[in-house]
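The structure appears below as structure tokens.
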Amino acid sequence: MSKSSGEQVPKYTYFDYVTWPSDNPIELIDGVPYAMTPGPSRIHQKISVELVRQIANYLRKKTCEVYAAPFDVRLTGDDEADEETKNVIQPDISIVCSQEKLDDKGCKGTPDLIMEIVSPSSIAMDYIRKLNLYEKHSVREYWIIHPIDKIIMVYTLIENGKYARPKVYQIEEVIKISIFDDLSISLAEVFGG
């Protein structure tokens, strides 16, 4: 919906977000609500469970934690109160290494790694809006996973605060997660190879 010039598009915050019905999942990006795909496909869920399994096994007895959607991530600015937060997302998978960012509502701050599994309805969201949002909030590593093509694109934050050109991995490869010294993910296992 376009507005006539001079008319402000309403911006929402986490304060509004928590009042919306939970049966209609919404993500909030820069104060604009976006409806989420109602039910992920079976393949989407299978990939998510396998990734979480591999990561969770590695993280046993370590300080980092892995979470699968639905899990609210409030990407906040410096000293921003929840009520003012304009970015609330539910990544498919989040890894958070700072315990101070975790509370009963989810994560308040930037996860260390985020993974999104692409569906036909989420392509623009994952490749444009979320890519820009995650870079802006300094998510150290961002994975875009393609269930149909069986490839994963990995964006890694570099010194200038921008994402380097993505590395693309195919089903026969193993990906080393850069935020850890010794965790590698087998794509053959992820995609049921």
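The values are calculated or read from the model by the stated rules, or taken from the named source; none is laboratory data. Only a predicted model underlies this, so the values are computations on that prediction, with no experimental measurement involved. Neighbour counts are summed over all protein chains in view; Cβ atoms, including those assigned to glycine, are modelled from backbone coordinates with ideal geometry. Please note that ligands, DNA and RNA were not included when accessible areas were found on the heavy atoms of the full protein model with its side chains. Shrake-Rupley method; radii C 1.70, N 1.55, O 1.52, S 1.80 Å.
What the table shows:
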| quantity | calculated |
| --- | --- |
| Normalised convex hull volume, segment 113-165, alpha-carbon set, Å³ per residue | 65 Å³ |
| Cross-link pairs beyond the 21 Å C-alpha cut-off, checked among Lys46/Lys105; Lys46/Lys101; Lys101/Lys136; Lys101/Lys150 | Lys46/Lys105; Lys46/Lys101; Lys101/Lys150 |
| Amide H contacts under 5 Å for Thr85, placed H, 5+ residues apart | Tyr14, Phe15 |
| Within the accessible area of the chain (1.4 Å probe), percent carbon and sulfur | 51 percent |
| 27 Å tail of the calculated P(r), the chain, as % of Cα pairs | 28 percent |
| Segments 168-178, 133-143, 115-125 sorted - mean Cβ within 10 Å per residue, highest first | 133-143, 115-125, 168-178 |
| Net length gained if the chain between Cys97 and Val18 were fully extended (0.36 nm per residue, minus Cα distance) | 25.9 nm |
| Percentage relative contact order, the chain, counting C-alpha pairs under 8 Å, at least six apart | 16 percent |
| Added length on full extension, which subtracts the Cα-Cα distance from 0.36 nm per residue, Ala188 to Lys136 | 15.5 nm |
| Thr37 paired with Ile148, simple spin-label distance in nm, labels 7 Å along Cα-to-beta-carbon | 1.0 nm |
| Environment charge of Asp92, counting only residues whose C-beta is closer than 10 Å and scoring Lys/Arg +1, Asp/Glu -1 | -2 |
| Projected-area average for segment 82-177 over all orientations - Cα convex hull basis, square nanometres | 7.2 nm² |
| Mean separation of Cα contacts under 8 Å (6+ apart) over length of segment 9-50, as relative contact order % | 32 percent |
| Estimated inter-spin distance, Ile128 and Asn57, nm [label 7 Å along Cα→Cβ] | 3.9 nm |
| Nearest-20 debye value, the chain charge dipole, Cβ charges on Lys, Arg, Asp, Glu | 500 debye |
| Amide proton proximity set for His137, modelled H, under 5 Å, gap of 5+ | none |
| Percent RCO, i.e. relative contact order, over segment 128-193, from Cα pairs under 8 Å lying at least 6 residues apart | 22 percent |
| Taking the convex hull of Cα positions in segment 37-130, its mean projected area over all directions (nm²) | 6.7 nm² |
| Probe 1.4 Å, accessible area per residue of the chain, Å² | 56 Å² |
| Rounded to whole Hz, the Karplus (6.51, -1.76, 1.60) HN-Hα couplings of segment 43-56, x for glycine and proline | 5, 4, 5, 4, 5, 4, 4, 5, 4, 4, 4, 4, 5, 4 |
| Nearest-10 value in Å² for the accessible area of Asp181, using the 1.4 Å probe | 140 Å² |
